[in-house]
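The values are calculated or read from the model by the stated rules, or taken from the named source; none is laboratory data. All values reported here derive from a predicted model rather than from experimental measurement. Here the Cβ is made from the backbone with ideal geometry for all residues, glycine too, and neighbour counts use every protein chain on show. To get the accessible areas, we keep the full protein, side chains included, count just its heavy atoms, and leave off ligands, DNA and RNA. Shrake-Rupley method; radii C 1.70, N 1.55, O 1.52, S 1.80 Å.
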Amino acid sequence: MTAPFPPTIAEAAAGLAAGDLTAAGLTELCLARIEALDGLVNAYHKVLKDEALASAAASDARRAAGKDVGPLDGIPLAVKDVIQVENHACTANSRVLQDNIADTDASVIACLRAAGAVILGIVDTYEFAFGGRPTHDALFPPACNPWDVTRSTGGSSSGCGAAVAAGLCLGAVGSDAGGSIRSPAALCGTAGIKPTIGRVPTSGVMPLTFSLDTVGPLAQTAEDCALMLQAMAGYDPTDQLSADMPVPDYANALTDRLDGLTVGIARGFYRDDYDTPADIAGTYDVMGKVFEGLGAKVIDTDLPPLMDFHAVGRLILPSEAYAIHEETLQTRWTEFGPLARNRMMLGALVRSSDYLQAQRRRRELAHAVDAVFEDCDALVAPAMLTPAGPMDSDEAFPFLAAPMINVPFNLTDHPAVSVRCGFQDSGMPVGAQIVARRWKEAGALRVAHAYEQAAGWRDARAAVV
């Protein structure tokens, strides 16, 4: 019999504080579920069993001595395989890096350890964090969607989405340059946040791009993401993009009501700019009623066409990825999986003038989204336009079939939270983005949390459970 589904981080933190749970017990629960279910899900590249149990024991000892260090103390978390964990391989799911042993923790992992978190293991990513369809030609087999293991998780934080949705950890640390946290969060029915660039340090995280990369949490709920982000956020002088500014109290900002706020709905993205299936589009249409019930004013917003964002993203992403990997592509060509290699090679075809024009248009698009926030406090946009694709897809460039729905807020650098907002006719989850002004992650999380509490979608569990 499979061990029970674990509690949320918030529930676990309360149970640990009350003495009803132990960190060792939570860790053993996750390890038992990994043993029972990960053969179906393929979330983990490596399980750090002995280290996790030792960390859990240390957490229990701190708590017994009255020295616990906060709500993450003793919470088992997973880490995407582009983020360094000391003394373990950081492979980016590529044969190019299969022997790449990290000599230190990434800054964000050091922050989580300082908060008492238990690092449970290292989970799947699309090769070098380049999203699209599942990568069957990489170092490790792809993670499967726990709601239907024949369907994709989305990417590139595929293992994070799968592990959280299957209850193989309580939260996970992912990265996002074009939707790589929000896509798996949406398709796997979890929550996840892409913060403003500079909010969470990226030192020790393998880059996909120079100007879009962020690191953030995935977890069962927006509240859990708030608790994780609290420990992850902060200034790191070794990260040239890190911002030296105060970190709000994210959990304390959460409320059950939204009285006095205005929420904008980006209906054009899923009604005018793409022929979104009715069972996905319909979930977004009814979200406004929930916000009105919470006391918010709901308005429609006017944004530039989604294809403008898509075109700019599809110039900048491969250009910067190719620039990062150019030397290795030239010297170790055969060690790359063809799927990741072909995506990166598109960047070699982009002229410098095209790249600069894309960056110019990017600034214009950012100003257009800024203008929306003159009339609203939060913006709701889809986090997916199509159902999760099949695991056996052999499509080389799946992004040609539909525009990238998550990339707009990478380009504009607005924080965005993905939350579950309903289900398709097939029973697969649907996710929506809650977007706020730059640096206002607390506002986005507040709106997301209130929505989750009122809508009632978040407690359903994936089929593999």
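With all protein chains kept in place, the per residue accessible area of segment 318-405 amounts to 48 square angstrom at a probe of 1.4 angstrom. By the gyration tensor of its Cα atoms, with a ≥ b ≥ c the square roots of the eigenvalues, what is the shape of segment 1-106: rounded for a/c under 1.5, prolate for a/b over b/c, or oblate? The shape class here is oblate. Label-to-label distance, Arg271 versus Lys46, with points set 7 angstrom from Cα along the beta-carbon direction: 5.0 nm. The separation of segment 114-154 from segment 298-347, counted between C-alpha centres, amounts to 19 Å.
Label sites at Ala402 and His136, each approximated as a point 7 angstrom past Cα along Cα to Cβ, lie 2.1 nm apart. Put simply, the amide H of Cys421, placed in the peptide plane, has neighbours under 5 Å in Val430, Gly431, Ala432, leaving out anything fewer than 5 places away on its chain. For segment 214-254, averaging the sequence separation of C-alpha pairs within contact (under 8 Å, six or more residues apart) and dividing by the residue count gives a relative contact order of 35 percent.
For segment 334-350, 3J(HN,Hα) computed residue by residue from phi via the Karplus equation (6.51, -1.76, 1.60; θ = phi - 60°) reads 6, 7, 6, x, x, 5, 5, 4, 5, 4, 5, 5, 4, x, 5, 9, 8 Hz, glycine and proline entered as x. Here the Karplus curve 6.51 cos²θ - 1.76 cosθ + 1.60, taken at θ = phi - 60°, turns the phi angles of segment 140-146 into couplings of 10, x, x, 5, 10, 6, x Hz, with x standing for Gly and Pro. Put a plus charge on the Cβ of each Lys and Arg, a minus charge on the Cβ of each Asp and Glu, and nothing anywhere else: the dipole of segment 322-465 about its Cα centre is then about 260 debye. For segment 36-142, relative contact order (Cα pairs under 8 Å, six or more residues apart, normalised by length) works out to 35 percent.
Shown are Ile324, Ile434, whose ranking by accessible area with a 1.4 Å probe and every protein chain present, most to least, is Ile324, Ile434. Relative to the Cα centre, the charge distribution of the chain, modelled as +1 at Lys and Arg Cβ and -1 at Asp and Glu Cβ, gives a dipole magnitude of about 220 debye. For Lys80, the residues whose modelled amide H falls within less than 5 Å of its own, excluding neighbours fewer than 5 places apart on the same chain, are Val123, Val173.
Between Gln240 and Thr262, the contour length at 0.36 nm per residue exceeds the alpha carbon distance by 4.4 nm. Projecting the Cα atoms of Pro246, Gly116, Leu26 onto the charge dipole of the chain (Cβ charges, centred on the Cα centre) puts Pro246 farthest toward the positive pole. Taking all protein chains into account, the per residue accessible area for segment 99-190 stands at 19 Å² (1.4 Å probe). Using the Cβ-Cβ distance between Lys67 and Asp99 with R0 = 41 Å, the FRET efficiency computed as 1/(1 + (r/R0)^6) comes to roughly 0.60.
Peptide packing: for 284-291, 314-321, 173-180, the average count of neighbouring Cβ atoms within 10 Å per residue gives the ranking 173-180, 314-321, 284-291, highest mean first. Sites listed here are trypsin sites (Lys or Arg not before Pro) in segment 39-120 whose DSSP assignment is loop and whose Cβ has at most 11 other Cβ atoms within 10 Å: Lys67.
Measuring against 31 Å, Cα to Cα, the residue pairs Lys80/Lys289; Lys194/Lys289; Lys80/Lys297 contain Lys80/Lys289; Lys80/Lys297 as the ones spanning a longer distance.
Other residues with beta-carbon under 13 Å from the beta-carbon of Glu326 carry, at +1 per Lys or Arg and -1 per Asp or Glu, a net charge of 0. Rounded to whole numbers, the Karplus 3J(HN,Hα) couplings from phi for segment 42-59 are 6, 6, 8, 7, 8, 9, 9, 4, 5, 5, 5, 5, 5, 5, 5, 5, 5, 5 Hz, using 6.51 cos²θ - 1.76 cosθ + 1.60 with θ = phi - 60°, and x at Gly and Pro. With no solvent and one equal point scatterer per Cα, compute the Debye intensity ratio I(q)/I(0) for segment 77-210 at 0.11, 0.13, 0.19 Å⁻¹ and report its log10, rounded to two decimals. Cα-only, vacuum Debye calculation for segment 77-210: -0.33, -0.47, -1.05. Note that the chain, at 25 °C in a medium of 0.890 mPa s, gets a Stokes-Einstein diffusion coefficient of 113 µm²/s from its Kirkwood radius over C-alpha pairs.
Positive end of the dipole of segment 281-380 (Cβ unit charges, origin at the Cα centre): among Val290, Pro304, Ala323, the Cα lying farthest that way belongs to Ala323. Across the chain, Cα pairs under 8 Å and at least six residues apart give a relative contact order of 18 percent.
Extending 7 Å from Cα along the Cβ direction at Asp302 and again at Ala36 yields two label points whose distance is 5.5 nm. Once backbone amide H atoms are built at 1.01 Å from N, Lys46 has Ile122 as its partners under 5 Å, excluding neighbours fewer than 5 places away on the same chain. Per atom type, the chain shows carbon and sulfur on 51% of its accessible surface, probed at 1.4 Å. Surface exposure of segment 1-71, expressed per residue as accessible area with a 1.4 Å probe, stands at 49 Å².
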